[in-house]
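See structure below.
The values are calculated or read from the model by the stated rules, or taken from the named source; none is laboratory data. This structure is a prediction, so every number in the text was calculated from the model and none was measured. Virtual Cβ from ideal backbone geometry, glycine too; neighbours counted across all protein chains shown. The accessibility values were calculated without ligands, DNA or RNA, using every heavy atom of the protein model including side chains. Shrake-Rupley method; radii C 1.70, N 1.55, O 1.52, S 1.80 Å.
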Amino acid sequence: MTTTFKRALSIGVAALVVVTSCGGGGGDEPLDRDAANSSLDDLVDDIGWIDDPVSRRASIPPPSGADLAATLPGIDTFDLSVDAPLAEDDATVEIFASTEKSGEGTDGWINEVAEAFNDAEMTLADGTRAGVEIRQIASGTGYQFIASGKYVPDAFSPSNQLWVEMAAEFQPMTEIDPSLVENTAGIVMKTETADDVRAAYGEATPETLVDAVIAGDLVMGYTDPFASSTGLNFLVTVLDAIAEGDESRITSPDVASVFEQFQRQVPFVALTTLQMRDSVESDTGTLDTFVMEYQTFIQTDSLQSGFEFIPFGVRHDNPLYAVGDIGPQKTEVLELFAEFAESDFADLGREYGFDPPDYTAGIDTPSGSTLIDAQAIWKDKKDGGRPVSTVFVVDVSGSMAGSRIQALQLAMLSAREFIKPETRVGIVEFDDRASLRLPIGEFDLNQQGRYTAVAEDLAPGGGTAMYDGVVLGLSMLQAEAAANPDVKPLLVVLTDGETTDGLDFDRVDNTIAGLRIPVYTVGFEANLDELGRLSSLVEAASINADQDDVEFKIAALFNAGG
């Protein structure tokens, strides 16, 4: 490693955000950390990178206040999974439905109910024909739309009651059915891990798991409580366990302090349950324990042997609520739909995995205001008091020209609003070679100005050496971690295409897996399979973004990852 590179790295890095293309192959076993560090040094020496730090500072606008709701895209970004092609005088309702029941295959239960309901040409008491539209949207995102007022549906069917309580802080919510189809959230543990916990702590419960994680006896992963119903449920369950069941203490400073200790031992917060499932199934996964809904658990073949499912928190029984004052006609449509679903489609729900073990809620449902405060505690304490470093590895190859580079610039500028000033940030660019554009430094106003200048000056051209950029960024992160072993490193890749130059996946996969630095990838019209393979090496997320929703997805990524 050259003296110049060592000097550049000493300025600081620990999270790498890669904005790039894709590439790759396979590998054998991940290297141990020492061997991975040695391999990384050799790779960096091989790539012929360029030291080209930005020479100007751009002006930056006053901070707008990092607000996830402010980045919400247009509602049409979220597809109607069921449309109701009825006449203008017919009574049609739109339901926001959580993704585990509004997707495809066994994740599409409510779609099949709605299609059958529409085909049945149901009529109201006054003879008006009734119809139902389903919009596929994550519970947390649906809540954001309702709370912000940016778009309010006729009805909301999140995974659990928690989102309803929060939404009721902003809109009148009227119960139609407390449970369209049954489900629960659970802690999924390797059987041998569960046995070890019981041997050491007497039983495997949320309370004992909190103690085990804080003590470093358990490696735990869970999902983003701003997006995921399971993640929000788990957050509240952990806070409730720390508060010993006293809701009045859930958001108190003493509980928040213990929660910060818990977070120090959590290596992985996934954006969604599906990402959690994919990371668990990865060959390089390291989690002993993670959270998941029962319907997802029972449909994941790799978890049916050697794992236990331990229900926790509130039940996930998919309630149906009217939002706002929708009037008697639409209310009657919703009541007909709920009755139709329960009478004719309960068996289909069980077939699709909505058939959880008997379970009584382990906690009381907190108020909406308490839940909102709990999210605020998580946002403040999610890094566990550890300093965060982030490096953006940015694809400026020729194929990024046009709308892709514009979307990438928008992503970087949006991310700026969600990066804390104390976070250390750096940037690597690559075309057919990797260039160090912004040495890592604290994200103060000077660093923000340099960061913005790099984003504004992106100029596409040349080939695509994504993995050269990745290893350069990882080396910066390793130098930062050597200076401060307590640092929390991240890597995010923003990209569009295929690797054409330099290193390939086969040369770097075992090294990346051995370093244990998360590699987040964001694809713009990209080879998503390749990006998913890269991210899965260290249990990170791969995101598909375009100009319509890139701000929201980047905001969600930094809200969860640091």
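Quick check on segment 414-427. Is at least one of its residues closer than 30 Å to Arg315 by Cα, aromatic (Phe, Trp, Tyr) and at pLDDT below 95?
Looking through segment 414-427, none of the residues is closer than 30 Å to Arg315 by Cα, aromatic (Phe, Trp, Tyr) and at pLDDT below 95.
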| said: Among the residues of segment 94-107, what is the count of those that are over 19 Å from the mean Cα position of the chain (by Cα), surrounded by fewer than 23 Cβ atoms within 10 Å (Cβ to Cβ) and not acidic (Asp, Glu)? | reply: 2
| Among (1) surrounded by 24 or more Cβ atoms within 10 Å (Cβ to Cβ); (2) at pLDDT 90 or above; (3) not small (Gly, Ala, Ser), where does Thr191 come up short? | (1)
| task | From (1) among the β-branched types (Val, Ile, Thr); (2) buried (at least 21 other Cβ atoms within 10 Å of the Cβ); (3) out of contact with any Leu (no Cβ under 9 Å at 6 or more places or on another chain), pick out the condition that doesn't hold for Ile517. | result | (3)
| request: Could you list all residues from segment 194-206 that are at pLDDT below 90 and in a helix (DSSP H, G or I)? | output: Pro206
| note | Checked against (1) part of a helix (DSSP H, G or I); (2) more than 22 Å from Asp224 (Cβ to Cβ), Asp126 satisfies every condition except (1)
| query | From Thr500, Thr511, which residue is of a type in the set (Val, Ile, Thr), open to solvent by 10 Å² or more (accessible area, probe 1.4 Å) and at pLDDT 90 or above? | reply | Thr500
| remark: Of (1) over 19 Å from the mean Cα position of the chain (by Cα); (2) within 27 Å of Gly186 (Cα to Cα); (3) not charged (D, E, K, R), Gln144 fails just (1)
| What residue, of Glu281, Glu351, Glu339, Glu335, is more than 30 Å from Pro253 (Cα to Cα), at pLDDT 95 or above, open to solvent by 50 Å² or more (accessible area, probe 1.4 Å) and in contact with a helix residue (DSSP H, G or I) (Cβ under 9 Å, 6 or more places away or on another chain)? | Glu351
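Confirm whether Thr208 is touching a residue at least 60 places away in the same chain (Cβ under 8 Å) and hydroxyl-bearing (Ser, Thr, Tyr). So that I can check it myself, show each step before the final result.
Numbers: touching a residue at least 60 places away in the same chain (Cβ under 8 Å): no; hydroxyl-bearing (Ser, Thr, Tyr): yes.
So Thr208 does not fit the description; no.
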| request: Select, from Asp496, Asp486, the only residue that is within 18 Å of Asp395 (Cα to Cα) and under 26 Å from the mean Cα position of the chain (by Cα). | output: Asp496
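Given Asp325, Asp364, which one is assigned to a loop (DSSP other than H, G, I, E, B), surrounded by fewer than 16 Cβ atoms within 10 Å (Cβ to Cβ) and at pLDDT 95 or above? Let's see the steps before the verdict.
Values: Asp364 fails: at pLDDT 95 or above.
Going through Asp325, Asp364 in turn, the sole match is Asp325.
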| request: List every residue pair whose Cβ atoms lie under 8 Å apart, where the two residues are 6 or more positions apart in sequence or sit on different chains, the first residue falls within segment 114-130 and is without any contact (Cβ under 8 Å) to a residue 60 or more places away in the chain, and the second residue, located anywhere, is surrounded by fewer than 14 Cβ atoms within 10 Å (Cβ to Cβ) and of a type in the set (A, V, I, L, M). | output: Arg129/Ala87
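Against the definition (surrounded by fewer than 20 Cβ atoms within 10 Å (Cβ to Cβ), in contact (Cβ under 8 Å) with a residue 24 or more places away in the chain and touching a His at 6+ places or on another chain (Cβ under 9 Å)), how does Glu182 come out, yes or no?
So Glu182 passes the test.
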| said: I'd like to know if segment 409-417 contains one or more residues that are within 30 Å of Asp46 (Cα to Cα) and of a type in the set (Ser, Thr, Tyr). | reply: no
| task | From (1) more than 18 Å from the chain's Cα centre (by Cα); (2) farther than 16 Å from Arg433 by Cα; (3) surrounded by 23 or more Cβ atoms within 10 Å (Cβ to Cβ), pick out the condition that doesn't hold for Leu491. | result | (1)
| query | Within segment 147-169, restricting attention to residues that are surrounded by fewer than 16 Cβ atoms within 10 Å (Cβ to Cβ) and assigned to a loop (DSSP other than H, G, I, E, B), which residue is modelled with the highest pLDDT? | reply | Glu169
| query | If a residue has to be over 30 Å from the mean Cα position of the chain (by Cα), among the β-branched types (Val, Ile, Thr) and assigned to a helix (DSSP H, G or I) to count, how many in segment 39-92 make the cut? | reply | 2
| message | For segment 284-305: of the residues being in contact with a strand residue (DSSP E or B) (Cβ under 6 Å, 6 or more places away or on another chain) and at pLDDT 90 or above, which is surrounded by the most Cβ atoms within 10 Å (Cβ to Cβ)? | response | Glu293
| Of all residues making up segment 217-254, the number that are crowded, with 20+ Cβ neighbours inside 10 Å, within 27 Å of Asp196 (Cβ to Cβ) and β-branched (Val, Ile, Thr) | 6
